[in-house]
1. I'd like the full set of residues that are modelled with pLDDT of 85 or more, more than 8 Å from every other protein chain (Cβ to nearest Cβ) and in a helix (DSSP H, G or I), limited to the stretch A:144-163.
2. Which one of these is out of contact with any Asp or Glu (no Cβ under 8 Å at 6 or more places or on another chain), free of Cβ contacts under 8 Å to residues at least 24 places away in the same chain, within 14 Å of another protein chain (Cβ to nearest Cβ) and in a loop (DSSP other than H, G, I, E, B): B:Thr57, B:Thr14?
3. Which one of the conditions (1) open to solvent by less than 30 Å² (accessible area, probe 1.4 Å); (2) of a type in the set (Val, Ile, Thr); (3) within 27 Å of the chain's Cα centre (by Cα) does B:Thr142 fail to meet, given that it meets all the rest?
4. May I ask you to list the residues in the stretch B:75-93 that are buried (at least 17 other Cβ atoms within 10 Å of the Cβ) and either more than 11 Å from chain A (Cβ to nearest Cβ) or outside any strand (DSSP E or B) (or both)?
5. Which one of B:Glu190, B:Glu179 is outside any helix (DSSP H, G or I) and not hydrophobic (A, V, I, L, M, F, W, C)?
6. Only one of B:Ala333, B:Ala300, B:Ala355 is of a type outside the set (Val, Ile, Thr), within 11 Å of chain A (Cβ to nearest Cβ) and surrounded by 20 or more Cβ atoms within 10 Å (Cβ to Cβ). Can you tell me which?
7. What's the total number of residues in the stretch B:34-54 that are part of a loop (DSSP other than H, G, I, E, B) and free of Cβ contacts under 8 Å to residues at least 40 places away in the same chain?
8. Which one of these is surrounded by fewer than 24 Cβ atoms within 10 Å (Cβ to Cβ) and assigned to a helix (DSSP H, G or I): B:Leu429, B:Leu402?
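The values are calculated or read from the model by the stated rules, or taken from the named source; none is laboratory data. Being a predicted model, the structure only gives us computed values, none of them experimental. Please note: Cβ atoms are built from the backbone with ideal geometry, for glycine as well, and neighbour counts cover all protein chains shown. Calculation scope for accessible area: heavy atoms of the full protein, side chains included, ligands and nucleic acids excluded. Shrake-Rupley method; radii C 1.70, N 1.55, O 1.52, S 1.80 Å.
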Amino acid sequence: MSRLHDLNFFVKLGGAFALMIVAWLAPDWRWDIPFAALVLALLWVTRVPKLGGYLKGAGLLTLMVIVSWMINLLLQGIAPLDALAIAAKMAARLVATTALFYFVMETSTPGAILAACSAARLPAVATLVLSLLFGIIPMLRDEFERIADAQRARGMEIDDVSFLKKLRFALARGVPLLVQAIRTAHAISFSLTLYGFDLSRKRTTWRDVGLMVEPRMTWKDPIR
Amino acid sequence: MLLSADKLTLGFGTSEPLLRDATLALAPGERLLVCGTTGSGKTTLMMALAGVVPQITPIARYEGTVALNGEDVATLHRDALFSRVGYVAQSAEDQLWDLSVEDIIAFPLENRATPRDEVRARVRYLMEDLGLIELAGRRVLTLSGGERRMVVLAAALASRPELLVLDEPTTGLDPAARERLCRALEQAAEHVSGVVIAEQDPAHLASVTQSLALIADGTLSAVTPLAPALDDAARWTRAGLLPPRKPSGLRPAVTPGRELLSVRGLRTRLARASGKPVLDGLDLTLRAGEVLGVIGRNGAGKTTLMKSVLGLMPVAAGEIVLDGQAAQGWTTARRARHIAYVPQSMRQILFHMTAAEEVAFARSMGEGHEDTETVLARYGLGGQGETNPFALSARQQGQLGLACAEASGAAIAIVDEPLLARDLAGRALLETFLERMTSQGRAVMLISHDLELVDDVATRLALVGEGHIPYDGPVGEGWQSRAFAALCWPAPYRTARESAA
C-alpha cells in the first residue's frame, strides 16, 4: 500500500475527472495520443497494481474502437487518413478515461471510500453506491483469479495451452464466478441489514479523514 | 425471561418441518449450548432465535414465537432488534465483504452514527481483547477462516448487545484462538446478558456455557445442565454426535510404504512483515499408507506449505519431489494429477453443472477408473449425480470433495479442515475415505485445528511453526513434545486421559 492509497478518495476522483476533461477537450489526435500515453506512464510510475491486466484490456479496447470507427467513417465517405485520425483520437480519449478511473479504483479500498463519504456527511445511499461501484470490480477480479487457481489445483492446464482452450477454461470460471457474485451481493445486503445500515441516517467513521485517510488503527497511545 | 421460544416450528416447504414445536427459555445471565448433527436444524434455530429468520431471511414455515424480553422478534423494528442482538453466522463469509478488519468491527457503530471517539475506543478495546491487533489494516478477505470468525465476533460484540447468538463459532479456530474466544465471552458478560451457542463439539465451550439442549430428529430436547451431560456418552451417540472427551482409540498402526512426496529445504518468497520467509528450510515427507496430521497456529504457514507443494505459491528455494520425480518445474495442473486437493470450502473449486461431471472431471485428470455413481454413493451422494454442485449443502459439497479426490486416483490427497468429520455420520465418511486411500497405497495430508480428529485418525503428526517443522513423528509422542508444549495448547482428550491416569 502506497501513500496514494491513503489519499482521500474524493481528491483522486476529482483529479481523475479534471484530467478526463482535459483529454476530451484536446483538439486532435496529436494531443490526445501523447496525453493518453502520459496517463499510462503515470500508472506505471505510481506502480498501480495489476497494470498488465489493464493494459491488455486497454489494447483490446483501442483495437475495437479504431476498427469500428474506421468502418463507420469510411462508409460515410471520409478519406482513410482522416478517418484514422478521428478513430485514433477517440481511442486515445477512451484509454485516458478508463486509465484514470482504473487508477482511482485500484488505489481506493471500499473502506477508505466509506470513510471519505461518511466524513463528508454524504447521504448513506451515495456512500453505498460509491463504495460498491469502485469496490466490486476488484473484488470480482480477485475472485476470478482465485477460481483460476482452483482450476489449476484440480489439474486443468490453463496456462500452457492454446488461446481457444484458454478462452474455454476462462468461460468455465463463469459458473463459480456468478455464484460468488450472488453470494457477495447477499453478504453485502445481509451485513447492511444486520449491522444497522439505514439510508435515512448519516454514518460516522472511525478513521481520521482529511487530505489523507487513516489506513489502519495504531496503538501508539493504548487506551488501556 | 431474556429470550424465549414457544412451540417454534421451522421448515423450508418440504412435507416435514426441520424443527417441530421447539420450546426454550433463557434467563438473564444464562449461557446455553445447542448441539446437533450437521443438517439437524441448528443453524435455522439460531437464525430464528436471533431474529434473522424471519426478519432478513423469510422461510416457508415459521410458526410459534420467539420473544426477546417479552417482545416478538418477528415484529420488532429491524434496527431496534439487531442493536440488541449480536449474531455470528455459521459461515462468517455471509457477514463479510471487502473491508478492513477495523471497518468490519466499526461498521455497526458507524451505521448507527456513534461518535468517532467512541467508535475508536470500542474497536481498539475489542481488537486488544480478541488478539486482533496484528490484523489491523488487513482486508478481511485476505484472512484465514479462523481469523475472519474472530473479526465477525468482534463486530457482533461492538454494539454491546443484550443477547449473543453464535453459530459454530469455534470452526477453524486453533486452540489458542478458542481460548481467546472463551475469555472474550467471559468478559462480555459485563454487557451481554445471555448467550446461545450452536456447536457440534461441546468440549471447546464447556467452560463458558452452563446448560445444554440437543437437537435430534427435528426435536429440541429440554434444557439440562451441561457438566453432567458431557460424560453421558450414550446421550451424544443417540443424537448422532461424537461423545465429547472420548478418544476413539482406533488410531491405526501402519507400516509406511514408498515415498510419495518429499520436500527439502523449502523457502517461500512470501515473507512476514519482518522480512522473514513464511517457510524457511522446511523438510517434510509423505509415504504410502500414511495419514499425516498437520497442525500449527493460525497463520503458522500450513496453507502456505500446501500452496507451495501444489505450485500455487512461488518458492525461493528447495526441492519438491513427487513420486520420485523432481516437481519444482511442473505446472500446478501437472502436480494436481499427483495431489488431490479438498479445501474447507468446496465452492472454490467446483465449476461443472452436475455432481457427476465433477467426479468425471476428477477421474479424467488422473488415473481413476471407478464408475461415477459408485463413488458418489460411497460418499452419501447416491442419486445426486445430476444435481448442480452449487445446489448441494456445504456438508454435501464436502462429501463431493472426498468423492472427487478418491475418483482422481491421485497418490496424495490434501484435506484442509474437513468440517464434516464433527458428527458420527460425517466421521464415518471421512474414515471410509482415509481407509480406502491408505489401503490403495495412497496417502493423505490432513490439515486441521481439530486436535481430537488428528489424534483419532492420523498415523503421523507434523507441527508447522517458526517457518519449519519443529516436530515430525508419532502422534502420541507429538502431544508430549517440546514443540507442542511451546504452543501452550491443551493436548487432545486431556481431561479423559487425566481421569484415566
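1. Result: A:Phe144, A:Glu145, A:Ala148.
2. None of the other options fit; the residue is B:Thr57.
3. Result: B:Thr142 fails condition (1) only.
4. Answer for the stretch B:75-93, where residues must be buried (at least 17 other Cβ atoms within 10 Å of the Cβ) and either more than 11 Å from chain A (Cβ to nearest Cβ) or outside any strand (DSSP E or B) (or both): B:Leu76, B:Leu81, B:Phe82, B:Ser83, B:Arg84, B:Ala89, B:Gln90, B:Ser91, B:Ala92, B:Glu93.
5. B:Glu190
6. B:Ala333
7. 1
8. After applying the criteria, what remains is B:Leu429.
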